Amino acid sequence: MIEIKNVSKTYGKKHTSFTALNDISVTIPDGASVAIIGKSGSGKSTLMHAMSGLDRPTAGEVIIDGQDILKLKQKDVDRFRSAKMSFIFQSFFVQANESCYDNVSLPLEIAQVPMRKRREMIESTLESVELLDKLKSRARDLSGGQKQRLAVARAIVNQPRILFADEPTGNLDSTTGEKIEDLLFDYNKQSGCTLIIVTHDPDLAAKCDMRIYIKDGVIDSVVKAPKQTAKMDEKSEGEQ
């Protein structure tokens, strides 16, 4: 579970200050698919950065699995994030001159996964995104859709419990974008990970269990799909 409590983020000082997030509180249940929706400049990416530890809020708490990550030292936040989270961005951020194998290998190297096990995990993950035949190809030789599938493979190879995707289909045509969406939601369902997508696309957001609408740095509304509401009700009854 991710609990955001009274989180604010202000940039600058005094008369040059700008409040990107203003006293935001929201709870995201384990295993949910969540869309953070808003126009450019609404604060949606800032919220994702705050809840993932990529950026430190000015005030508030970010509690993940009972741990307030804002109370950790930066090196411990980095360790926590590498153990539990992965990220996919609109601009792919793959290593252009490296092979697909080496791109997907990177998070496993950081996690010090043994070489023999690493190869098995990389090949299995590349196969799941239909890129096994590109194992030795350099990332720069892939199409835009293939680069984003490679980014997905790199993000899920170490089986993160929380997967963040910031406008993951923003640079893709609709057909390719749908394939990426299917990969993300399939991983969410099969692994039970929490999937958090930053988007301005209402069609993509509609596929999620939960939608957080943000405007001018505050939460405008939170909408839960009927199936997610039922899950949460069942969990509440079980805890009584």
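The values are calculated or read from the model by the stated rules, or taken from the named source; none is laboratory data. Here the structure is a predicted model, which is why all the values come from computation and not from measurement. We place every Cβ from the backbone using ideal geometry, glycine too, and count neighbours over all the protein chains shown.
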Suppose we keep only residues that are out of contact with any helix residue (DSSP H, G or I) (no Cβ under 8 Å at 6 or more places or on another chain) and in contact (Cβ under 8 Å) with a residue 60 or more places away in the chain within region 89-122. Which one would you say is nearest to K44 (Cα to Cα)?
Q90
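Please go through region 71-94 and pick out each residue that is over 19 Å from I180 (Cα atoms) and in a loop (DSSP other than H, G, I, E, B).
Matches in region 71-94: L72, K73.
From the list D68, D78, which residue is over 12 Å from the mean Cα position of the chain (by Cα), charged (D, E, K, R) and more than 18 Å from A155 (Cα to Cα)?
Of D68, D78, the one residue that is over 12 Å from the mean Cα position of the chain (by Cα), charged (D, E, K, R) and more than 18 Å from A155 (Cα to Cα) is D68.
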Does region 202-225 contain at least one residue that is modelled with pLDDT under 95, surrounded by 14 or more Cβ atoms within 10 Å (Cβ to Cβ), under 30 Å from S105 (Cβ atoms) and within 19 Å of the chain's Cα centre (by Cα)?
yes
Region 96-136, subset of a type in the set (S, T, N, Q) and at pLDDT 90 or above, residue nearest to L150 (Cα to Cα):
N103
Hey, can you tell me all the residues within region 104-149 that are within 23 Å of Q90 (Cα to Cα) and among the acidic types (D, E)?
E127, E130, D141
Per the list (1) out of contact with any strand residue (DSSP E or B) (no Cβ under 8 Å at 6 or more places or on another chain); (2) closer than 20 Å to N188 by Cα, residue check on V34 breaks on (1)
Among the residues of region 50-70, which ones are assigned to a loop (DSSP other than H, G, I, E, B) and polar (S, T, N, Q)?
T58
Going residue by residue through region 149-172, is there one that turns out to be of a type outside the set (A, V, I, L, M, F, W, C), buried (at least 23 other Cβ atoms within 10 Å of the Cβ), at pLDDT 90 or above and under 26 Å from A50 (Cβ atoms)?
yes
Considering only residues of region 73-87 that are among the hydrophobic types (A, V, I, L, M, F, W, C) and at pLDDT below 90, which is nearest to L195 (Cα to Cα)?
A83
When the residues of region 64-114 are filtered to those that are more than 20 Å from R161 (Cβ to Cβ) and of a type in the set (A, V, I, L, M), which remaining residue is surrounded by the most Cβ atoms within 10 Å (Cβ to Cβ)?
V94
Residue selected from region 123-140 under the condition assigned to a loop (DSSP other than H, G, I, E, B) and in contact (Cβ under 8 Å) with a residue 24 or more places away in the chain, by the criterion surrounded by the fewest Cβ atoms within 10 Å (Cβ to Cβ):
K136
Please list, ordered by first then second residue, the pairs with beta carbon atoms under 8 Å, 6 or more apart or interchain, first in region 5-28 and surrounded by fewer than 15 Cβ atoms within 10 Å (Cβ to Cβ), second of a type in the set (A, V, I, L, M) and not in a strand (DSSP E or B).
T27/M1
Return only the number of the condition from (1) part of a helix (DSSP H, G or I); (2) modelled with pLDDT of 90 or more that I24 does not satisfy.
(1)
In the list L172, L204, L195, L163, which residue meets the criterion of being free of Cβ contacts under 8 Å to residues at least 60 places away in the same chain and at negative phi?
L172
